[in-house]
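The values are calculated or read from the model by the stated rules, or taken from the named source; none is laboratory data. Keep in mind it's a predicted model, so treat the numbers as computed, not measured. All Cβ positions, glycine included, derive from the backbone under ideal geometry; neighbour counts span all protein chains shown. Areas reflect the complete protein model, heavy atoms only, side chains present, ligands, DNA and RNA absent. Shrake-Rupley method; radii C 1.70, N 1.55, O 1.52, S 1.80 Å.
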Amino acid sequence: MKTSTTIKAFAYPVIIKDHRTCEKFEDVIVLPKEWLQICGSDGVNICDDKHMIYRAYNVKGYEVLEVGKRRSVQLAVDLEELYNKQVRMEQLQAFGKAHTDAQPDSLGGSTSE
């Protein structure tokens, strides 16, 4: 059965700098509207969209140099398709781990039980 939902979100073009390589490049970050509503809940604005953007990139080792104008978007999401992709990824990871575990160790034995 096909199940889908729509997510209201905002897309922000950004210019960022990678601290490891000092390379500057353009990117886009998409934040669900609900995340931004949580930040401003109860009349207390504990953060804003730019704050969230800076934190998201800083945690990954990037410096945000510029945040462009946000664009409101509605993203249609096929939940069944996402679920199937997740299951396939888990199966591939399990296969890869099982395959790696079954490789002979340096003493000529198997690492699997």
Looking at (1) loosely packed, with under 10 Cβ neighbours inside 10 Å; (2) among the charged types (D, E, K, R); (3) at pLDDT 85 or above, can you tell me which one residue 2 breaks?
(3)
Any hit, region 27-39, residues being modelled with pLDDT under 80 and open to solvent by less than 60 Å² (accessible area, probe 1.4 Å):
yes
Failed item, numbered, when residue 20 is tested on (1) outside any loop (DSSP other than H, G, I, E, B); (2) open to solvent by 50 Å² or more (accessible area, probe 1.4 Å); (3) of a type outside the set (Phe, Trp, Tyr):
(1)
Count, please, the residues in region 62-101 that happen to be within 26 Å of residue 12 (Cβ to Cβ), open to solvent by 100 Å² or more (accessible area, probe 1.4 Å) and of a type in the set (Lys, Arg).
3
